[in-house]
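Peer 1: Below you will find the structure I want to go over with you.
The values are calculated or read from the model by the stated rules, or taken from the named source; none is laboratory data. Worth saying up front: this structure is predicted, and the values here are computed from it rather than measured. Counting neighbours? That spans all protein chains shown, and the Cβs are built from the backbone with ideal geometry, glycine included. Protein only, heavy atoms only, side chains kept; ligands, DNA and RNA dropped before computing areas. Shrake-Rupley method; radii C 1.70, N 1.55, O 1.52, S 1.80 Å.
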Amino acid sequence: MTTILIKNAKTVNNELIDIYIVNNKIKEVAAKIDIDANQTIDLKGMSYVSAGWIDSHVHCNAELPLYYDSPDEIGYKKGVTTVVDAGSNGILNIEKFLDNVSICKTNVYALLNISESGIVRQDELSDLNNIKPEWIKKMIQKHADKIIGLKARMSASVVGDNDIEPLKLAKNIQKDNHNLPLMVHIGSAPPSLEAILELLDKGDIVTHCFNGKKNGIVSSQNEIKDFVKKAYNKGIIFDIGHGTDSFNFKVAEIAIKDHINATTISTDIYHKNRLNGPVHDMATTLEKLIAVGYDLGNVIDKITTFPAEVLHLANKGKLEAEYDADITIFDVVNKKDILIDSNGNIKETTIKIVPKKVLIGGIVYDL
């Protein structure tokens, strides 16, 4: 039996707690725990602790030609204990992907692209023959522990002349697979954002919610479009999905003023926007959300509790007894820096979030 005691850890509410871990599970969380453990990590009230960070939109199939990376480069090395590959893979390549990532330290799950090829080219939904519902169902049943949802990219460069039709098929596939979570990428029209949101139901996920495109959530009068408010109030999940071209400071600020808040924060990270920006990592993405008006506790909830709930990740996302021992330890320091959104806009910040350690399944990794 392996036991770990984390002492004097600071929560985002500035409360001091101890966490006792047995093997791969959290056994107890309390203000003070006096027990002998194989390993003690005393944070001395200096570092913050949270449930392990979850990045619910990444691209981490290292063998693909367009959007690729290593799960561990964007995962535990960046303070993220769980990543969800969002549609890189379809039925033709998902099994090899799952086999390849099984050796990674980071927890890896997948949203299955409704196109059989995944994203090996930009227009994977331009031919509806690439969508094979029966094969999708069989693959989901075979890998139910790792395929936790579906992904449909609904923008002009992806769907070609098919407009909204791929999304109609995606919704049918979703209903035929026990209403698995469905993430929908939004971008340039067609299809129109209004047509997309009209088809979605409570619990469906719209990623790239704060992009700065004409087909986005903000009107030419710099107001949230009425149909967007209707969709938000219906319970459609708004996800950041920062990416190379999909997060705009001004849009985020307009949304906050109109009480439109992202439910989940994800990076849409892959090798290029990790190395060259504007994404870099989850911590930088959190700093950007704080810069537009979110607070620390709020952003941490959006990468722990909320994505776990939205994607039905049982036993993840909370610092509670019987939950997985996935934990992120991080510092928040006062340091001036420049943040850049996807459109080259700049904000200054004095808040720097620095991951220091992670635990994944009770195994400690120093960063």
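Peer 1: Taking R0 as 22 Å, what's the FRET efficiency between HIS178 and LYS272 from their Cβ-Cβ distance, rounded to 0.05?
Peer 2: Working: r = 35 Å, r/R0 = 1.60.
E(calc), rounded to 0.05, equals 0.05.
Peer 1: Sort the following peptides by mean Cβ neighbour count (other Cβ atoms within 10 Å, averaged over residues), highest first: 38-51, 175-188, 238-251.
Peer 2: Per-residue mean Cβ counts within 10 Å order the peptides as 238-251, 175-188, 38-51.
Peer 1: Please give me the summed charge of the neighbours of VAL279: other residues whose Cβ is under 12 Å from its Cβ, Lys and Arg +1, Asp and Glu -1. Please list the in-between numbers first.
Peer 2: Details: positive: LYS78, LYS272, ARG274, LYS288; negative: ASP55, ASP69, ASP245, ASP268, ASP281, GLU287, ASP341.
Combined, the nearby Lys, Arg, Asp and Glu give -3.
Peer 1: Mind grabbing the accessible area of PHE97 for me, 1.4 Å probe, Å², rounded to tens?
Peer 2: My reading of the accessible area for PHE97 is about 0 Å².
Peer 1: Going Cα to Cα from LYS230, which aspartates and glutamates come in below 12 Å? Please leave out same-chain ones fewer than 8 positions away.
Peer 2: GLU194, GLU198, ASP201
Peer 1: Add -39500 (n - 2.57) for each DSSP H run of 4 or more in the chain, then divide by its residues: what number comes out at 222 nm, to the nearest 500 deg cm²/dmol? Let's see the in-between values first.
Peer 2: Numbers: 12 runs with 89 residues, N = 367.
-6500 deg cm²/dmol, from helical runs alone.
Peer 1: How do LEU286, LEU92 stack up against each other in accessible area, from largest to smallest, with a 1.4 angstrom probe? Walk me through the intermediate numbers first.
Peer 2: On the way: LEU286 0, LEU92 125 Å².
The residues order as LEU92, LEU286, largest area first.
Peer 1: Output the peptides 71-83, 102-114 sorted from most to least packed, where packing is the average of other Cβ atoms within 10 Å over each peptide's residues. Mind showing how you got there, number by number?
Peer 2: Details: 71-83: 25.2, 102-114: 21.6.
Going by the mean number of other Cβ atoms within 10 Å, highest first, we get 71-83, 102-114.
Peer 1: Considering only protein heavy atoms and a probe of 1.4 Å, how much of the accessible area of the chain is carbon and sulfur, as a whole percent?
Peer 2: On the way: 7240 of 15280 Å².
Looking at the chain in its full context, I get 47 percent from C and S.
Peer 1: Can you tell me how much longer the chain between GLU348 and SER220 gets when fully stretched, taken as 0.36 nm per residue apart minus their C-alpha distance, in nm with one decimal? Don't skip to the answer; put the middle values down first.
Peer 2: Details: separation 128, 0.36 × 128 = 46.08 nm, distance 2.61 nm.
Taking 0.36 nm per residue and subtracting the Cα distance, the gain is 43.5 nm.
Peer 1: Same structure again: Taking the mean number of other Cβ atoms within 10 Å as a proxy for protection, how do you rank 270-283, 127-140 from highest to lowest? Can you show the working numbers first?
Peer 2: On the way: 270-283: 18.8, 127-140: 16.1.
Taking the mean over residues of other Cβ atoms within 10 Å, the ranking is 270-283, 127-140.
Peer 1: Continuing with this model, one more query. Might you tell me the accessible area per residue for the chain, computed with a 1.4 Å probe and given in Å²?
Peer 2: Numbers: 15280 Å² over 367 residues.
Averaged over the residues of the chain, the accessible area is 42 Å².
Peer 1: So how exposed is SER219, as accessible area in Å² (1.4 Å probe, rounded to 10)?
Peer 2: Surface accessible to solvent at SER219 totals approximately 30 Å².
Peer 1: Here's another thing I want to ask about it. State the dimensionless ratio Rg/Rh of the stretch 20-150 (Rg: radius of gyration of Cα atoms; Rh: Kirkwood radius). Mind showing how you got there, number by number?
Peer 2: Values: Rg = 18.7 Å, Rh = 16.8 Å.
Rg/Rh: 1.12.
Peer 1: How many angstrom separate the Cα center of the stretch 25-89 from the Cα center of the stretch 186-262?
Peer 2: 28 Å
Peer 1: Now a separate question. Run the numbers on the chain and let me know its relative contact order in percent, using alpha-carbon pairs under 8 Å that are six or more apart.
Peer 2: Working: 884 pairs, mean separation 69.6, N = 367.
This gives 19 percent for the chain.
Peer 1: For labels at ASP42 and SER188 in the simple 7 Å Cα→Cβ model, what's the distance in nm?
Peer 2: Using points 7 Å along Cα→Cβ, the separation is 5.9 nm.
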